[in-house]
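Here the structure is laid out as structure tokens; the discussion comes afterwards.
The values are calculated or read from the model by the stated rules, or taken from the named source; none is laboratory data. Remember, predicted model here, so these are calculated numbers, not experimental data. Glycine gets a Cβ as well: all are built from the backbone with ideal geometry, and neighbour counts include every protein chain shown. Note: areas computed on protein heavy atoms with side chains; ligands, DNA, RNA excluded. Shrake-Rupley method; radii C 1.70, N 1.55, O 1.52, S 1.80 Å.
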Amino acid sequence: MPEQVQNILNKILEWWKKFNTKQKALLISLTSVVLLALVILAVVMTRPTYVSLYDAADNKEAAAIKKLLDSDGTLDYKVSGTTHFEINAKQESEANMLLGTNDYATNGYNLSKADLSKVVNGSFSTTEADKQKLYKDYLETKLAEDLAAQDLIESATVSLDIADDDGTLISRMQESSASVSLRLTGSISDTQAYSIARFVATQLGNNSTDKVTIIDQKTSKIIYSGADQDSDLTLLSSQLDEQERRAASIKSDIKDALAESGLFSNVEVGLNLDMSFQDVEDVVHTYWHNEGMDNGEITSQEIYSASGTGDVGGVPGTYSNSDNTSYYTGGTDGEWSVSNQKTLYSPNEEIKTTTSKGGTINRENCSAAVVAVRNVVYEEDVLKASGALEDMSWEEYKAANGDNRLVENEEEMASYVSMVAKVVGCDESAVEFLCIEKPIFVDSEGNGRTLTDILQIALAVLIFALLGFVVFRSTRKQKETEPEPELSVEALLESTAEAEDELEDIGYSEKSETRILIEKFVDEKPDAAALLLRNWLNEDWE
């Protein structure tokens, strides 16, 4: 392989040497220009294109928009001037859906923005009615594209009825209506349907979704109707999201608590979370007396008294008479007085009012079911060493112990149930815990090296041996060829004279044996022949 590479390099070098300096400079310049153009093209093609997304009214709204975009975590956007937002053109539909669902109409649906004006502004002959039609067509197409960009929607068709703006207050108060037909890739929930309706209503400038209708193309079923109340669906959506979030948090806490023990390889949690979203107001009244007093401050007091003098009658009948008479004769003089006093006391009072907006977990009504899997490892080498495989083979042992087993250790399970109950905050009787042991069989490794390992080692040794041989051959010094001794003129003349004595004259018409030898001598040793000829010429010249 190194020889082939070297041959290729040599050929390239030979090809390069064919050019002169001017041609080489020209080739280098052309190559540099082409490479620079390719680099510029790659940068331009890979550089993201940003389009206008939203212009916030103030810094407060800009902060809300930034929070929404950051919450997604995947959107590539830029902010300029603290209030102007631009989004990667490839993510425009996703950003439009996100902001539209949260009641922010993006720039792509605003007629006053420059990008959209290029679409709807016609020539001087274009009337206002024509512009409205172009705007309607643009909105229908853009809404359909943004909806189809969602994973749940395969395609969408939007039909709009936009209220005419004739400059009157009544026309401005009228809301546009929208009919949306969706081809779905799966089922859709009420919350997701409401999000789509909220998105469409926002981009149309409607304050509610009363005039938005969504149907399924395959079943012709109404997914969302404007008759549904926004407030109820919004409340339901937020409540479900909050419940799912709290349930996921508790499940994660249970898994973390069990995973820390290191006894389980997998934990699955089922949770029945009872949450109350009712508004509750608690009012507590606290009363006390001032220090050193048995009662509170007087708040009202009423005092009534009466006195008088006069005859006081005796006991009814004749009992009060001084003599024995059979009729009443009179009483004795006397006086009387009446007093009536009413006092109201009020102790010190503290009133504490606590209002809960809902979203509280009724821990005592929650329940949980946990399934934990524990791996039990059986090693063939260990079992052989312990003698467990004396009466059966390894395959028979795996067949006999290959089923999952339910752990029935009540004391151990009680500790796990107590742990889960503390995390959930419910009673232990509301927790069901199942522990399953899953067998894992590890075959014997033998001497630790399989046939595959041996082949790999042999192949590696062979490769290293070949590399060593190549390196050795390339670094070995070659034997220097001894230079042939230079022939002296005398030796050449002597050999020529001997040849003339022994051989016949050289003919011109046919090649004699001597001529053949001379030609061979000239072909094989041209330097010697040239030297001989030069010597002959010099001698003749002298």
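Protection proxy ranking for 10-19, 193-202, using the average of other Cβ atoms within 10 Å per residue and placing the highest first: 193-202, 10-19.
Spherically averaged projected area of the convex hull of Cα atoms, the stretch 58-100: 2.8 nm². Starting from the Cα gyration tensor of the stretch 246-292, take the square roots of the eigenvalues, sort them a ≥ b ≥ c, and report rounded, prolate or oblate (rounded when a/c is under 1.5, otherwise prolate if a/b is larger than b/c, else oblate). Taking the square roots of the gyration eigenvalues as a ≥ b ≥ c, the stretch 246-292 is oblate. Cross-link partners for Lys255 among the lysines, with Cα-Cα distance under 22 Å and sequence neighbours closer than 8 places in the same chain left out: Lys422, Lys438. Positive contributions from Lys and Arg (+1) and negative ones from Asp and Glu (-1), summed over other residues with Cβ under 15 Å from the Cβ of Val284, come out at -3. Remark: the Lys520-Ser29 segment gains 171.6 nm on full extension, using 0.36 nm per residue and subtracting the alpha carbon distance. Protection proxy ranking, highest mean first, for peptides 397-410, 254-267: 254-267, 397-410, where packing is the per-residue count of other beta-carbon atoms within 10 Å, averaged.
Count Lys and Arg as plus one, Asp and Glu as minus one, and take only other residues whose Cβ is under 11 Å from that of Asn96; the net charge is then -3. Rounded to the nearest 10 square angstrom, Leu26 shows an accessible area of 110 square angstrom against a 1.4 Å probe. Let me know the shape class of the stretch 341-411, please: from the alpha-carbon gyration tensor, a ≥ b ≥ c as square roots of the eigenvalues, rounded when a/c is under 1.5, otherwise prolate if a/b is greater than b/c, or oblate. It comes out prolate by the Cα gyration axes. The accessible-area ordering, largest first, of the residues Glu428, Glu242 stands as Glu428, Glu242, per a 1.4 angstrom probe.
Taken about its Cα centre, the stretch 364-409 carries a charge dipole of roughly 180 debye when the Cβ of each Lys and Arg holds +1 and the Cβ of each Asp and Glu holds -1.
Relative protection proxy for 80-86, 92-98, from highest mean packing down: 92-98, 80-86 (other beta-carbon atoms within 10 angstrom). Electrostatic tally near Thr299: other residues with Cβ closer than 14 Å to its Cβ, Lys and Arg +1, Asp and Glu -1, net -2.
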